[in-house]
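S.K.: Have a look at the structure that comes next, please.
The values are calculated or read from the model by the stated rules, or taken from the named source; none is laboratory data. Just so it is clear, the model here is predicted, and its values are computed rather than measured. Cβ: placed from backbone, ideal geometry, glycine included. Neighbour counts: every protein chain shown. Side chains are part of the model used for accessible areas, which takes the heavy atoms of the whole protein and leaves out ligands, DNA and RNA. Shrake-Rupley method; radii C 1.70, N 1.55, O 1.52, S 1.80 Å.
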Amino acid sequence: QSALTQPASVSGSPGQSITISCTGTSSDVGRYDYVSWYQQHPGKAPKLMIYDVSDRPSGVSNRFSGFKSDNTASLTISGLQAEDEADYYCASYTASATLVFGGGTKVTVL
Amino acid sequence: QVQLQQSGPGLVKPSQTLSLTCAISGDSVSSNTAAWNWIRQSPSRGLEWLGRTYYRSKWHYDYAESVKSRITINADTSQNQFSLQVNSVTPEDSAVYFCARSGYFKEYLQPWGQGTLVTVSS
């Protein structure tokens, strides 16, 4: 199972919106609405930000939103803040009953 | 509130077996609505899901193809914990290992354990 494809880095100024893409195949992202997104700060465990493509766990800011079209999912961060600077990973359930992660995207707040 | 606490050695010799444990509080390892996962992270491989176990009338196991021949995940109901074993380790198995909970038709990972840095070196 190949990793999902994410851009290595995305940057934006405070207050701007950025979008991170996550491309898979018809056996994972395109097949199920089980795409999730995780935020990871250095030295910390990943934190769930979005699940089931577009749902937010309790306590996650509504500045984070998710979307999916065909084999590509995306995470948008609106009103970018300094605290959003982190690594972001997408993940998807697969037809093999496994989970696959993306390679990760480093978000930089300029 | 579910919490996961990891334990295990941080240094393993090549060709030996890596063993880690994840203790569960706030849930049961034999819950019919939970699944218990292991994930690792290294600079070269990024985040890599390794496998999971879950109980639905009997124990089930799903493993990543890349490590299927070398790993075992077990549940210990008496201690309410689950474990990971990776056999015949090489330096490529050096990584931060995490445990995490997912759910029945809830294919996302929350919460996560604190992570354990494991180095494979003689």
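S.K.: Explain nothing, just the number: dipole magnitude of the protein assembly as shown about its Cα centre with +1 on each Lys and Arg Cβ and -1 on each Asp and Glu Cβ, in debye rounded to the nearest 20.
M.R.: Dipole of the protein assembly as shown, to the nearest 20 debye: 300 debye.
S.K.: Here's another thing I want to ask about it. Hey, what's the stretch B:1-94 come to in accessible area per residue, 1.4 Å probe, Å²?
M.R.: 49
S.K.: From largest accessible area down, sort B:Thr17, A:Thr94; use a 1.4 Å probe on the protein chains.
M.R.: Result, largest first: B:Thr17, A:Thr94.
S.K.: Now a separate question. How big is the gap, in Å, between the Cα center of the stretch B:60-107 and the Cα center of the stretch B:3-41?
M.R.: Cα centroid to Cα centroid, the span is 7 Å.
S.K.: What average number of partner chain Cβ atoms lie no more than 10 Å from the Cβ of the residues making up A:44-51?
M.R.: Averaged over the peptide's residues, the number is 6.
S.K.: Please get the size of the charge dipole for chain B, origin at its Cα centre, with Cβ charges of +1 on Lys and Arg and -1 on Asp and Glu, quoted in debye to the nearest 20.
M.R.: Here chain B has a charge dipole of around 120 debye.
S.K.: With the contact rule set at Cα under 8 Å and sequence spacing of 6 or more, what percent relative contact order holds for chain A?
M.R.: The normalised contact order for chain A reaches 38 percent.
S.K.: Any idea of the total accessible area buried by the A-B contact, 1.4 Å probe, rounded to 100 Å²?
M.R.: 1600
S.K.: Taking all protein chains in place and a 1.4 Å probe, what share, in percent, of the accessible surface of the protein assembly as shown do carbon and sulfur account for?
M.R.: Heavy-atom surface of the protein assembly as shown belonging to carbon and sulfur, 1.4 Å probe: 45 percent.
S.K.: Let me ask something else about it. Hey, what's the Cα Rg ratio for chain A versus the globular rule of thumb, 2.2 N^0.38 Å?
M.R.: Here the Cα radius of gyration is 0.99 times the empirical estimate.
S.K.: On to the next question. Can you give the charge dipole size of chain A about its Cα centre, rounded to the nearest 20 debye, using +1 on the beta carbon of Lys and Arg and -1 on the beta carbon of Asp and Glu?
M.R.: 80
S.K.: Another question, then. For chain B, what's the relative contact order in percent, using C-alpha pairs closer than 8 Å and at least 6 residues apart?
M.R.: Averaging sequence separation for qualifying contacts and normalising by length gives 35 percent for chain B.
S.K.: Can you list the residues of the stretch A:92-110 that have at least 20 square angstrom less accessible area with all protein chains present than in their chain by itself, probe 1.4 Å?
M.R.: A:Tyr93, A:Ala97, A:Thr98, A:Leu99, A:Phe101
S.K.: How much accessible area does B:Lys106 have with a 1.4 Å probe, in Å² rounded to the nearest 10?
M.R.: That residue has around 100 Å² of solvent-accessible surface.
S.K.: Summarise the partner chain shielding of B:107-117 as one whole number: the mean count of Cβ atoms from other chains within 10 Å of each residue's Cβ.
M.R.: Partner Cβ neighbours, averaged per residue: 6.
S.K.: Please sort A:18-29, B:51-62 by packing, taking for each peptide the average over its residues of neighbouring beta carbons within 10 angstrom, highest first.
M.R.: A:18-29, B:51-62
S.K.: Over all residues in B:44-57, what is the mean tally of Cβ atoms on other chains that come within 10 Å of each residue's Cβ?
M.R.: 3
S.K.: Let me ask you something else. Enter the accessible area per residue of the stretch A:1-96 (Å², integer; probe 1.4 Å; all protein chains in place).
M.R.: So the stretch A:1-96 comes to 46 Å² accessible per residue, rounded to a whole number.
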